Amino acid sequence: MAVDDKNYWKRNLLIMWVSQFLSMVGFSISLPFAPFYLRELGVGDEGHVRAYAALAAALSNVTFAVMAPLWGVLADRYGRKNMVLRANFGGAVIVALMGLSPNAFWFLVLRAIQGMFTGTVSASMTLVASGTPNHRQGFALGFLSTSVFSGDMAGLFIGGLLAEMFGFRNSFYLSGMMLGMSGILVLIFAREKFVRPLVKRGQTVFHGFHLNWHEWRRFLQPAMPLFVLYIFSTLARYLDNSQFPLFVEYLNGGPDAPNTARLTSWVLGMGSIGAMISGVILGHWVDKYPSKVARIALVGSAVFMALMLVTAPLLSLSRMQFLGVSVTVPILCLMPLRFLMTFFSAGLEPVWNAWLSKTTLPERKGLMFGLAATFRSFGCILAHSMAGVLACYMGVVSLFIVGPILFLLIIPLLAYYENEITGRIERMAKVSAAAP
């Protein structure tokens, strides 16, 4: 892709920021409240609610892991903007259909289908990375990540209120509308100076994707350290994701306690605010000090996730009024802790994304970001599966013991791979400088 206008990437970054914000608002209005929606669909047993919540989250990641590389190949062949449109419009239809689910089985089926056709984050990241100068990759991807978390925050705050006012089912219809608006914005305003590669007679769309094992090994080997980091950091970050509404419910006094959906949205929203601020603050340091940012992020995430554990013993204290809502002391303590934990954990993804972009040839960015999304999905699958087992057999609280340990274990893994990754970046920079 040739870029003539030096400000081209800045305008596109702003447009994609707004688009991704709308997309995340759409997803966050409804999907985080899936455990509560499952009860509405007839799942009565609490153990089954936990298991179904974990299964729903895992299924979407399984299908996404399978499809992401294929969408990446199509992005390199037909353009990255087309993949953003596919993710937004596909998500708009599928998420809206979740509101029509007659029972938990069809909700699980639609969650699996959603994973096949969505993926707005990876598609948007690929489009932005493809048009951004190499020395501003960390800033651009970090800035775009703020749209993910700020949209998530706005959706959670709105979603909790809407769920209490209109019910969980109607939230899915509004989600579909927001995703559709995001797709229309990209369709009209996003630009991509994409030159479609020539395809020789007899070649298929996926020419170059059909490699034998040795060719795939040679192709993937330089990026494998990053893919491993994607898996383990995602495992740690998303371990409590599917069960977190149930943790808030537990701290709020149980299933019969009032305002649980709204309080869940407040706590998760505080985390999204932390992540949004992280993208602004830590994003400025990603290009200069990536490994230091990653290490600080890992230690901070572990510390503040572990501190969430100390909120549980405070449940015996009396309730109080907060912004006109009856709330327990543990939830009031949970809000700043979630803010700080997510502030630090959100600093990891921009580092991995910047490193991946700097070690990838321009014509392969779609495929490599698609593969990164696949490995990230493997981490999500492990996280949701592990969370379901831990929650069912050891209680939801156990997640906040295992999670911090996982964050700390990534530090030696990063130290082991760091020299290999930075060496690859230096070699790629020399190749780019020597190119005519």
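Only the coordinates and a few stated rules stand behind these numbers; no lab work does. For clarity, every value in this text was computed on a predicted model and none was experimentally measured. Note that each Cβ is placed from the backbone with ideal geometry, even for glycine, and that neighbours are counted across all protein chains shown.
Using just the Cα positions, wrap the stretch 44-112 in a convex hull and report its mean projected area in square nanometres, one decimal place.
5.0 nm²
Can you work out ³J(HN,Hα) from phi for every residue in the stretch 319-332, in order, using Karplus 6.51 cos²θ - 1.76 cosθ + 1.60 and θ = phi - 60°, giving whole Hz and x for Gly and Pro?
So the J values, rounded to whole Hz, are 6, 8, 8, 9, 6, x, 10, 6, 9, 8, 4, x, 5, 4.
Taking 1 over the mean of 1/r across every pair of different Cα atoms in the stretch 254-367, what Kirkwood radius in Å do you get?
16.0 Å
Rounded to the nearest 500 deg cm²/dmol, what is the calculated helix-only ellipticity per residue at 222 nm for the chain, with -39500 (n - 2.57) per DSSP H run of length n ≥ 4?
-25500 deg cm²/dmol
Going down the list 10/292; 81/430; 292/430; 10/81; 358/430; 81/365, which pairs span over 18 Å between their C-alpha atoms?
With Cα atoms farther than 18 Å apart: 10/292; 81/430; 292/430.
Which of 189, 232, 369 ends up with the largest GNM mean-square fluctuation for the chain, with Cα atoms connected below 10 Å?
In this elastic network of the chain, the residue with the biggest mean-square fluctuation among 189, 232, 369 is 189.
Which of 47, 269, 72 moves the most in a Gaussian network model of the chain with Cα springs under 10 Å?
Answer for the Gaussian network model of the chain: 47.
What's the magnitude of the charge dipole for the chain around its Cα centre, counting Lys and Arg as +1 and Asp and Glu as -1 at the beta-carbon? Answer in Debye, nearest 20.
It comes to approximately 1440 debye.
Could you point to the residue in 357, 102, 382 farthest towards the positive end of the chain's charge dipole, with +1 and -1 charges on the Cβ of Lys/Arg and Asp/Glu respectively?
357
Counting other beta carbons within 10 Å of each residue's own, what order do 152, 45 fall into, fewest first?
45, 152
How far is it, in nm, from the label point at residue 397 to the one at residue 281 when both lie 7 Å from their Cα along the line to the Cβ?
Taking the two extended label points, one gets 3.0 nm.
Pairwise over distinct Cα atoms, reciprocal of the mean inverse distance: report the Kirkwood radius of the stretch 216-294 in Å, one decimal place.
Evaluated on the stretch 216-294, it is 15.7 Å.
Can you give the convex hull volume per residue for the Cα atoms of the chain, as a whole number of Å³?
141 Å³
When the expected Rg is taken as 2.2 N^0.38 Å, what fraction or multiple of it is the alpha-carbon Rg of the stretch 1-141?
1.22
Binning every alpha carbon pair distance of the stretch 350-436 at 5 Å from zero, what are the percents per bin?
Reading the bins upward from 0: 3, 11, 15, 18, 16, 12, 9, 7, 4, 2, 1, 0, 0.
Output needed for the stretch 286-327: three equivalent-ellipsoid semi-axes, defined as square roots of 5 times the C-alpha gyration tensor eigenvalues, in descending order, whole Å.
Largest first, the stretch 286-327 gives 36, 14, 4 Å.
For the chain, set up a GNM with springs between Cα atoms under 10 Å and report which of 179, 226, 100 has the largest fluctuation.
100
For the stretch 314-401, take the convex hull of the Cα atoms, compute a quarter of its surface area, and give me that in nm², please.
Averaged projected hull area, Cα only: 8.5 nm².
Could you work out the relative contact order of the chain, using alpha carbon pairs under 8 angstrom and six or more residues apart, expressed as a whole percent?
28 percent
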